[in-house]
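Worksheet: the structure to be examined is printed underneath.
The values are calculated or read from the model by the stated rules, or taken from the named source; none is laboratory data. Worth saying up front: this structure is predicted, and the values here are computed from it rather than measured. In this analysis, Cβ positions are derived from the backbone assuming ideal geometry, glycine residues included, and neighbour counts consider all displayed protein chains.
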Amino acid sequence: MSSLTKIPSGVQYFFDEEVRRRRYIERCAMEVFTGWSYDEILLPMFDYHALFSRGMGAERAERTYRFVDRDGALLALRPELTLLVARTVATRFPHKPRPLRLCYSGEVFRYDEPTERAAREFHQVGLELIGEPSLAADLEVLLIAAELLTTLDLTEFRITFSHADFFHGLARQLGLEPQERALLREMIDRRNVEALGGFLARHAPQLSEARREEFCQLTQLAGGAETLARAAALPLDGQSAAAVSHLAAIEQTLGALGLDSHFRIDLGEVANLDYYTGLTFRIYVPEWGVEIGSGGRYDQLIASFGRGEPAVGFSFALDALSGALAHHHRVSPWEEEETPLRIPGGDHPAALARAFGQARELRQQKKRVTIGADETR
Amino acid sequence: MQEQSLALFAEAGIVVEEAELASRKLLVQTADRGYSFVFVKPSDVPTYVEYGVADVGICGRDVLLEARADVHQPLDLGLGRCRIAVAGRREVVGEDYNLLATVRVATKYPRIATAYFHEKGVPIEVIPLSGSVELAPLLGLSDRIVDLVETGRTLQENGLEVIDVITESTAQLIVNRASFQLNRKRIGQLIGALRAVLVREEKSEERKEA
């Protein structure tokens, strides 16, 4: 293999339609975000490794590309963008009035294990709403995500949402040790009724069999208002019950907006619970086999940079959005018709001036011009 | 496992015709075209499902643990029951690993093996093999093996013995995360139908035993 053809693992070159499609998606996203008064923030490509390891945990920060600064400090290419936003907000804007509305679009860099390739994201497009703990803030970000998908004509999108406290309250109520907590999470995540039932029989014998069965069913499938009504009927502790009523308020508002067919409450959503503190959601479209975006409320993250404050946001994987649009056989708004323009008479200044004059006129009409040489020459 | 799984689907009313199966096609459909079946190597099943090329898959828990695929596992089909075990030559069975500076472990499951020994704090050198793992300790390629054990006969015939069982493995139904949300009705029905067959079989087993 020659050193010219070899490409480092994970490196991508984009060209032709792929580039036009990706730029189109970014433009649409920024238009939608700007419409909701979000300001774009441009973030550095690398920063201290310690920053990432502080925000995302040492284990995940292992997967960054690291290198050494001239003074010997360890640097890393940015593995995600939310952290950099959180740090900027905590250290640079402590006195700016809240809430802050910030959006971004940019590449991220990390080693992914081969098996995680399905979920890889190399370019994130997203936003954060900072300093606003309200239900309205949660709804705002959900609605922006929905608007972006509609704008991109991915009209069959499905957003599943849950609340981190539903699980935390439950684990507390059952008095689980950290290891058992991890196991319960895994059991719920598998969506295996039998395994979960067995676990609850061992660790929550105080619950009646009917209650345990009901709980297993609830974490199985995502649903609408009826899911919440069934959950509310369970003997939940305060934390879980508050989570359920928060979700109910979101569900009712979405219903009143006529969006309920796109949203599903998924009480079995238990991934990323170390990060999210309230609302969590995942975004799917039938055109793509894995989730194309996710988000939620993370009220603890900014605190790790000094000043604690509420925050909620989401990010889409541009790679997935682009893949979904490529599978989508309707119009391709990123493709523009070309207007070919010949230059008869070759290199004669008068002919050139005539042709380029014409081209200038077409450009003023926003036409896409292709200059071609005279074939008769 | 493929035959047993197809029999289970047939019981649940999802039948692939004999003629289709007799052909060497890797992609077949049920007569009503309601379901397509893709036949792939067991270790590739999690990949097809994780990427959403297949909505649902069947593979052993051993394969899932090794692949660390990000999928749901809603149903244990109970088929192909076996153990993932550490084995070694009969003479070394009682020996402490710590007598060895590093334990050389031949296996088809590098991740499972590494995780198991790391948890015990034992340094290992993984020797990845893709078959006939039992040979490795006999020829001095490795000190131990981590492999699938069904009846234990192959081990026995090669002078090996099980030292520790890491975990049990049976066939699992796995589901792509996006499909689980987007096609929840159909996938729910499929899981329900398969579960009903399993429950029916379990009951008839119990009757037989009684």
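If you go through region A:175-187 and keep only what is among the aliphatic types (A, V, I, L, M) and under 28 Å from A:PRO133 (Cα atoms), you end up with just A:ALA182. Inside region B:105-123, residues that are of a type in the set (Phe, Trp, Tyr) and in contact (Cβ under 8 Å) with a residue 40 or more places away in the chain make up a count of 2.
The set of residues in region B:10-51 that are within 14 Å of another protein chain (Cβ to nearest Cβ) and more than 20 Å from the chain's Cα centre (by Cα) is empty. Taking the condition within 27 Å of A:VAL369 (Cα to Cα), in a helix (DSSP H, G or I) and not hydrophobic (A, V, I, L, M, F, W, C), does A:SER332 pass? No; evaluated as a whole, the condition is false for this residue.
In region B:124-141 there is no residue matching the filter, namely being in contact (Cβ under 8 Å) with a residue 40 or more places away in the chain and within 15 Å of the chain's Cα centre (by Cα).
Does A:PRO340 fit the bill of being outside any loop (DSSP other than H, G, I, E, B) and touching a residue at least 24 places away in the same chain (Cβ under 8 Å)? In short, yes. B:GLU95 - would you say it is touching a helix residue (DSSP H, G or I) at 6+ places or on another chain (Cβ under 6 Å), away from every other protein chain (no Cβ under 14 Å), of a type in the set (Asp, Glu) and more than 22 Å from A:ASP189 (Cα to Cα)? The answer is no for B:GLU95. Only residues that are under 26 Å from A:HIS262 (Cα atoms) and away from every other protein chain (no Cβ under 11 Å) were counted across region A:188-215, and they come to 2. B:ALA115 - would you say it is of a type outside the set (Phe, Trp, Tyr) and surrounded by 20 or more Cβ atoms within 10 Å (Cβ to Cβ)? For B:ALA115, the condition - of a type outside the set (Phe, Trp, Tyr) and surrounded by 20 or more Cβ atoms within 10 Å (Cβ to Cβ) - is not met. Taken over region B:23-50, the residue count meeting the criterion of being free of Cβ contacts under 8 Å to residues at least 40 places away in the same chain and not in a strand (DSSP E or B) is 17.
When region A:310-329 is filtered for residues that are within 28 Å of A:LEU139 (Cβ to Cβ), at pLDDT 85 or above and assigned to a loop (DSSP other than H, G, I, E, B), only A:PRO310 remains.
Residues that are among the small types (Gly, Ala, Ser) and surrounded by 13 or more Cβ atoms within 10 Å (Cβ to Cβ) were ranked within region A:69-99; the one that is farthest from A:PRO44 (Cα to Cα) is A:ALA90. The residues in region A:280-313 that are touching a helix residue (DSSP H, G or I) at 6+ places or on another chain (Cβ under 7 Å) and over 25 Å from A:ARG158 (Cα atoms) can be counted, and the count is 8.
Just so you know, in region B:80-92 the residues that are exposed (fewer than 15 other Cβ atoms within 10 Å of the Cβ) and basic (Lys, Arg) include one that is farthest from the other protein chains (Cβ to nearest Cβ), and it is B:ARG90.
Of the helices (runs of 4 or more DSSP H) that lie entirely inside region A:135-206, those containing 2 or more residues that are at pLDDT 95 or above, within 30 Å of A:LEU325 (Cβ to Cβ) and of a type in the set (Ser, Thr, Tyr) span A:135-151. Evaluated against (1) under 30 Å from A:ILE283 (Cα atoms); (2) more than 13 Å from chain A (Cβ to nearest Cβ); (3) among the hydrophobic types (A, V, I, L, M, F, W, C); (4) surrounded by 19 or more Cβ atoms within 10 Å (Cβ to Cβ), B:LEU173 falls short on exactly one condition, (2). The conditions of being surrounded by 16 or more Cβ atoms within 10 Å (Cβ to Cβ) and not acidic (Asp, Glu) are met by A:GLY313.
Here region B:66-79 is the region considered, the condition is being in contact with a strand residue (DSSP E or B) (Cβ under 8 Å, 6 or more places away or on another chain) and more than 21 Å from A:GLY268 (Cα to Cα), and the residue that is farthest from the other protein chains (Cβ to nearest Cβ) is B:LEU79.
Only one of the listed residues (A:LEU184, A:LEU196) is free of Cβ contacts under 8 Å to residues at least 40 places away in the same chain and farther than 30 Å from B:ASP44 by Cβ. That residue is A:LEU184. Taken as a whole, the structure leaves A:ALA249 outside the set of residues that are surrounded by fewer than 19 Cβ atoms within 10 Å (Cβ to Cβ) and either within 14 Å of chain B (Cβ to nearest Cβ) or free of Cβ contacts under 8 Å to residues at least 40 places away in the same chain (or both). Whenever a residue of region A:1-17 is of a type in the set (Phe, Trp, Tyr), its partners that are modelled with pLDDT of 80 or more, lying with C-beta atoms within less than 8 angstrom and at least six residues away or across chains, give the pairs A:PHE14/A:ARG22.
Within region B:8-37, the set of residues being in contact with a strand residue (DSSP E or B) (Cβ under 8 Å, 6 or more places away or on another chain), of a type in the set (A, V, I, L, M, F, W, C) and surrounded by 15 or more Cβ atoms within 10 Å (Cβ to Cβ) comprises B:VAL16, B:LEU21, B:VAL28, B:PHE37.
Checking the structure you have, find out if any residue of region B:180-202 is within 14 Å of another protein chain (Cβ to nearest Cβ), free of Cβ contacts under 8 Å to residues at least 60 places away in the same chain, over 22 Å from B:GLY57 (Cα atoms) and outside any loop (DSSP other than H, G, I, E, B). The answer is yes, given that some residue of region B:180-202 is within 14 Å of another protein chain (Cβ to nearest Cβ), free of Cβ contacts under 8 Å to residues at least 60 places away in the same chain, over 22 Å from B:GLY57 (Cα atoms) and outside any loop (DSSP other than H, G, I, E, B). Are any of the residues in region B:155-178 without any contact (Cβ under 8 Å) to a residue 40 or more places away in the chain, of a type outside the set (Val, Ile, Thr) and at positive phi? Within region B:155-178 (the criterion being without any contact (Cβ under 8 Å) to a residue 40 or more places away in the chain, of a type outside the set (Val, Ile, Thr) and at positive phi), the answer is no, since none of the residues qualifies. None of A:THR155, A:THR91, A:THR160 is within 13 Å of another protein chain (Cβ to nearest Cβ) and either farther than 21 Å from A:PHE263 by Cβ or not hydrophobic (A, V, I, L, M, F, W, C) (or both) except A:THR160.
The criterion of at least 3 residues that are not assigned by TED's automatic domain parsing to the domain that holds B:ILE187 is met, among helices (runs of 4 or more DSSP H) falling completely within region B:53-169, by B:110-119, B:135-138, B:153-157.
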